[in-house]
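Here is the structure we will look at.
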Amino acid sequence: MKKRVFSGFRPTGRQHIGNYLGAVQNFIALQDEYDCIYCVVDIHALTTLESTETLQEDIYEMVLDWLAAGIDPQKSIIFVQSHVPQVEELHTLFSMVTPLSWLLRVPTFKEKVKMQPHNVNYGLVGYPVLMTADIALYKGEVVPVGEDQLPHLELAREIVRRFNSLFGFVFPEPGAKLTSFPLVLGLDGVQKMSKSSDNYIEIAASPQEISERVMTAFTDPERKFRSDPGHPDKCNVFRLHKFFTPAQVEEIASECANAGIGCVDCKKTLAQSISLTLEPFREKRAILASKPDYVAEVLVEGANRAEAIAKETIKEVKEKMRLLPRA
Ligand code: SF4
């Protein structure tokens with residue numbers, strides 16, 4: 001029996017190369033070793049969304065990217081959180097065993113309060129309870145996380161431990177699979193690549209779009225003129241070369257340090273490498289996008305499989321809690 005991995009990802013629309021090199025490649029790699037469940041956590045997104053206008057499109061585009069990149073619906077369950085309503089039920093039941101003090105001390109809650117003081121909704125404080133319900137509903141045993149997410153997972157472990165001790169064992173304690181997601185800086189070379197910072201390159205971008213975006217990238221700030229020797233270790237274009245032009249990084253580093261190559265040519269090489277690397281992805285994406293119902297079918301199938309597990313878990317939970325069965 002393979003262990004079950006659960007991972008949730010907010011619907012962020014078309015994926016950028018930061019998502020691809022971090023989460024998406026990791027999702028693909030886990031599929032053979034584990035029984036994987038990948039969930040688009042649309043309810044979580046509501047805690048911070050100002051508007052839901054693009055929510056449906058964002059889900060579609062993100063899932064299309066996942067499928068084109070290699071997340072395989074034959075191997076993994078891919079579904080949308082709100083399509084399996086049992087998670088809301090488990091969230092409510094878990095909220096009865098979770099002391100408020102545990103939630104108020106969560107650092108990300110405090111950060112979110114600062115970030116959106118005009119919208120401190122209940123969902124923000126209940127977020128870790130819903131996250132625990134996400135994992136526990138499917139009896140997830142392994143959760144891929146970065147080091148910064150460990151406190152959240154520890155809280156999830158505390159909640160299921162408390163439930164198990166009050167009502168009897170139902171849930172395995174989810175363990176962390178510490179994953180070193182590479183930090184991919186954006187084209188500004190300062191902040192993490194993200195849509196909100198507008199410093200990203202979409203993996204579905206055309207070669208032309210990739211080239212235009214790469215040309216805007218910040219380089220070594222100390223290299224003012226073409227004749228100045230560069231410092232590749234201080235240049236984000238060089239960091240991206242490490243991912244996309246691995247066979248030539250030593251040569252690029254040496255050419256840069258000796259002022260043998262100019263930044264424009266260096267960026268052209270990078271744009272070409274990114275474009276070539278992503279070519280098979282773009283082709284597969286275009287094929288999948290030409291089948292209008294494909295993404296919807298994958299999500300229906302995923303929700304059906306997820307719901308079958310969820311119903312069993314909820315039945316077990318209610319029995320353990322001695323809730324009166326409906327006659
Ligand atoms: S030549 Fe390339 S690596 Fe060197 S500073 Fe310019 S863009 Fe960066």
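The values are calculated or read from the model by the stated rules, or taken from the named source; none is laboratory data. Everything numeric here is computed off the predicted structure, so don't read it as measured data. Please note: Cβ atoms are built from the backbone with ideal geometry, for glycine as well, and neighbour counts cover all protein chains shown.
Structure data summary
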| quantity | calculated |
| --- | --- |
| Residue count for segment 290-304, restricted to those that are part of a helix (DSSP H, G or I) and loosely packed, with under 13 Cβ neighbours inside 10 Å | 2 |
| Restricting segment 69-126 to residues that are of a type in the set (D, E, K, R) and farther than 30 Å from Lys311 by Cβ, the residue that is surrounded by the fewest Cβ atoms within 10 Å (Cβ to Cβ) | Lys114 |
| Cβ-Cβ under 6 Å pairs, at least 6 apart or on other chains, segment 230-259 side among the polar types (S, T, N, Q), far side more than 10 Å from the ligand (Cβ to nearest atom) and at pLDDT 95 or above | Thr245/Ser273 |
| Residue match in segment 305-322 (condition: modelled with pLDDT of 95 or more, crowded, with 19+ Cβ neighbours inside 10 Å and under 26 Å from Gln15 (Cα atoms)) | yes |
| Residue under evaluation Glu222, criteria (1) touching a residue at least 40 places away in the same chain (Cβ under 8 Å); (2) over 29 Å from Val24 (Cβ atoms), criterion not met | (1) |
| Selection status of Ser101, assigned to a helix (DSSP H, G or I), free of Cβ contacts under 8 Å to residues at least 40 places away in the same chain and either hydroxyl-bearing (Ser, Thr, Tyr) or touching a Gly at 6+ places or on another chain (Cβ under 6 Å) (or both) | yes |
| Every pair of residues 6+ apart whose Cβ atoms lie under 6 Å, when the first sits in segment 63-78 and is more than 15 Å from Ile287 (Cβ to Cβ) while the second is in a strand (DSSP E or B) | Ser76/Cys36; Ser76/Tyr38; Ile77/Ile37; Ile78/Tyr38 |
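The rows are residues; the columns are (1) within 25 Å of Glu111 (Cβ to Cβ); (2) in a helix (DSSP H, G or I).
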| position | (1), (2) |
| --- | --- |
| Val143 | yes, no |
| Asp148 | yes, yes |
| Leu153 | yes, yes |
| Arg157 | yes, yes |
| Leu166 | no, yes |
| Glu173 | no, no |
